[in-house]
1. Evaluate the following for residue 12: is it outside the structural domain of residue 161 (by TED's automatic domain parsing) and in contact with an Asp or Glu (Cβ under 8 Å, 6 or more places away or on another chain)?
2. Do you know which residues across the range 1-54 are surrounded by fewer than 20 Cβ atoms within 10 Å (Cβ to Cβ), more than 21 Å from the chain's Cα centre (by Cα) and touching a residue at least 40 places away in the same chain (Cβ under 8 Å)?
3. Out of the helices (runs of 4 or more DSSP H) lying entirely within the range 63-164, which hold 3 or more residues that are at pLDDT 70 or above?
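The values are calculated or read from the model by the stated rules, or taken from the named source; none is laboratory data. Computed from a predicted structure; not experimentally measured. Positions of Cβ are generated from backbone atoms using ideal geometry, with glycine treated the same way; all protein chains shown enter the neighbour counts.
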Amino acid sequence: MEFKTFVFYFFSAILVFAGLRVITSRNPVHAALFLVLAFFSAAGVWMLLQAEFLAIALILIYVGAVMVLFLFVVMMLDINLDRLREGFWSYLPLGSIIALLMVTEMALVLGGNYFGLFESGVPQATAEVSNVKAVGRLIFTEYVYPFELASVILLVGIVAAVALTQRGKRKNKSVNPAQQVFVKAADRVRVLQMPAEKRD
């Protein structure tokens with residue numbers, strides 16, 4: 001087995017495992033950590049295919065966006081932050097394992113490229129055509145309809161997230177001015193007649 005094939009199966013196994021743990025984990029913190037690991041593993045597969053732009057974009061955009069998304073979820077769901085801070089050290093073993101796996105993946109890809117262990121069968125791009133230009137040309141020519149469909153699906157997801165987190169109408173002490181104008185004095189003021197009392 002070639003070293004490149006071994007690295008591909010290693011990344012793929014971690015990617016499948018992390019993806020399953022994202023949807024089966026009951027703790028949202030654990031799910032977010034496994035999602036970060038899944039993104040790193042997918043970026044490693046992209047690196048093996050010499051799609052460096054996609055790999056870096058996956059790490060920079062999605063890993064960063066996941067952390068921001070998790071922050072918004074914590075804020076919108078009114079999760080008790082004190083309880084999360086109390087259990088911070090309980091997440092350290094899982095976080096350490098995931099961090100170790102990510103470092104191992106990066107070492108395999110970078111070390112394999114450095115020592116020439118990858119015998120690439122992917123055709124190399126010429127110096128005149130960059131990887132980003134080739135990706136952009138493919139997205140907006142051959143894959144323009146799937147690209148637009150993905151944007152519509154993302155828009156539906158955003159609207160659904162806003163609809164799910166929207167709470168009912170808040171009760172406040174504001175008064176409608178139109179109702180104040182048509183109010184009669186008899187509706188607001190009540191005169192009470194009380195008998196006088198004498199003090200002894």
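1. Spelling it out, it is not the case that residue 12 is outside the structural domain of residue 161 (by TED's automatic domain parsing) and in contact with an Asp or Glu (Cβ under 8 Å, 6 or more places away or on another chain).
2. 2, 3, 4, 8, 10, 49, 50, 51, 52
3. 64-76, 92-114, 131-141
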